[in-house]
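This report concerns only the one structure given below.
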Amino acid sequence: MVVSAPPSRVVELACLAPSVQNTQPWRWEIAHQSIALYSDEHRRLPVTDPEGRSLVISCGAALHHAQVAARALGWAPSVTRLPDGPDGGLLARVVLEPGAPGADAPRQLEALERRYTDRRRFTSWPIPRDVVQTLASTASGAGGGATALTGLTARIQVELLVSRAIERQLADAAVGTEQRTWVDREAEDGIPAEEVHPAERRGAQNRLSSDRLSVTDQQRVEVSDGLIVLGGRSDDRAAWLATGEGLSALWLRATIDRLSVVPLSPVVEVEETRLALHHGVLGGTLLPHLLVRLGWQPIGRSHVSRTSRRQLGDVLHVTPPLAAGVPT
């Protein structure tokens, strides 16, 4: 007899998903064997994410994490996306039916618990083109669209656009203020200063200055980096949710393959560069929602702890009775 883990464990693993500035902008509700995912608009970044694109992408990543966790824990998840329509706060409902973990369940659970963002500079070892293409296909297979940028011209264009976007944000005082709000919060969310700029360490005499907050190694495109644009045919909540699911699928696969993933959000947060990426690099074939860079970390480099997570009780509401497991 196989007994599935409780739905609360699925949510706990889903909350390990990546999110913009580690805002963790999700709320969950469990009723029996049904899990509801809501966006938390109070955690939206009004300056850099006025439309909520990054917020919904973050929730989409958590939704995919939940599905992977459910299957690995012995559930068969069935997902309804945007059940209340495109403008509703309810992003998805996941109904859990008894199932059986697949043979790769241990590997998937390990990937969920091991995935994190390592913002340190990658090695100069190039990523084979077929590996980048496979990761792009993995993202597309999860429901979103993805394009691997492997051509020299496209890569040069993207490098220039990323630099231009960073310059635009550096010149915007409101952007800097918003970023600083989520750095060194000493709480269960946000990003530690040494993670924003790994060369820096916290301390009264060695704090990040405001003009360095956005210019970090993590945002520089190197010739050996793998580059993938995630996006869709539309620029709405349904497409953003799918992009988030694709991001999670890509990231978990990269984690299994020992690759590092770092999102490059400025290029899509600045409208000028986002449109240039859409028309000039992608030829109008994909509306870009997010750009990620991929690379190898040096062998033997010390492990970086994942960013902190909010307490489960702060993001989850349970309507009793809660099924603790169903025999199959």
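Taken together, the values in this text are just the output of simple stated rules run on the coordinates, not laboratory data. The model shown is predicted, which means the values in this text are computed figures rather than measured ones. Don't worry about glycine lacking a Cβ; one is built from the backbone with ideal geometry, like all the others, and counts go over all protein chains shown.
Listed from fewest to most Cβ neighbours within 10 Å, the set S265, S140 follows the order S140, S265.
With contacts taken as Cα pairs under 8 Å and at least 6 residues apart, the chain reaches a relative contact order of 28 percent. The label-point distance for S78 and D257, in a model that sets each label 7 Å from Cα toward Cβ, rounds to 3.4 nm.
Treating each Cα of segment 220-275 as one equal point scatterer and applying the Debye formula with no solvent, the log10 of I(q)/I(0) at q = 0.14, 0.18, 0.22 Å⁻¹ comes out as -0.46, -0.74, -1.03. Model label points for E51 and E113, set 7 angstrom from Cα along the Cα-to-Cβ axis, are 3.9 nm apart. According to the calculation over all Cα-Cα pairs in the chain, the P(r) per 10 Å bin from zero is 6, 27, 36, 23, 8, 1, 0 %.
Highest mobility in the GNM of the chain, judged by mean-square fluctuation with C-alpha springs under 10 Å and restricted to G60, G246, G52, is found for G52. Taking each residue as 0.36 nm, the span from Q157 to S137 lengthens on full extension beyond its C-alpha to C-alpha distance by 5.0 nm.
Hey, how many Å between the Cα centroid of segment 136-192 and the Cα centroid of segment 3-60? Taking the Cα centre of each part, segment 136-192 and segment 3-60 sit 20 Å apart. The convex hull defined by the C-alpha atoms of segment 252-318 has an orientation-averaged projected area of 7.9 nm².
By how many nm would the segment from A31 to S308 grow when fully extended, if each residue of separation counts as 0.36 nm and the alpha-carbon distance is taken off? Write out the running numbers ahead of the final one.
Numbers: separation 277, 0.36 × 277 = 99.72 nm, distance 2.69 nm.
Extra length available between A31 and S308 comes to 97.0 nm.
Under the simplified labelling scheme, the A187-H317 pair shows an inter-label distance of 2.0 nm, with each label point 7 Å from Cα along Cα→Cβ.
Among L247, L160, L45, the residue with the largest mean-square fluctuation in a Gaussian network model of the chain, with springs joining Cα atoms closer than 10 Å, is L160. Seen against the Cα atoms of the chain and their longest principal axis, helix 237-256 is set at about 90 degrees. Using a Gaussian network model of the chain in which every pair of alpha carbons under 10 angstrom is joined by a spring, one finds that among A171, A254, A142 the greatest mean-square fluctuation is at A171.
Converting the Cα gyration tensor eigenvalues of segment 79-147 into ellipsoid dimensions via √(5λ) gives semi-axes, longest first, of 30, 20, 14 Å.
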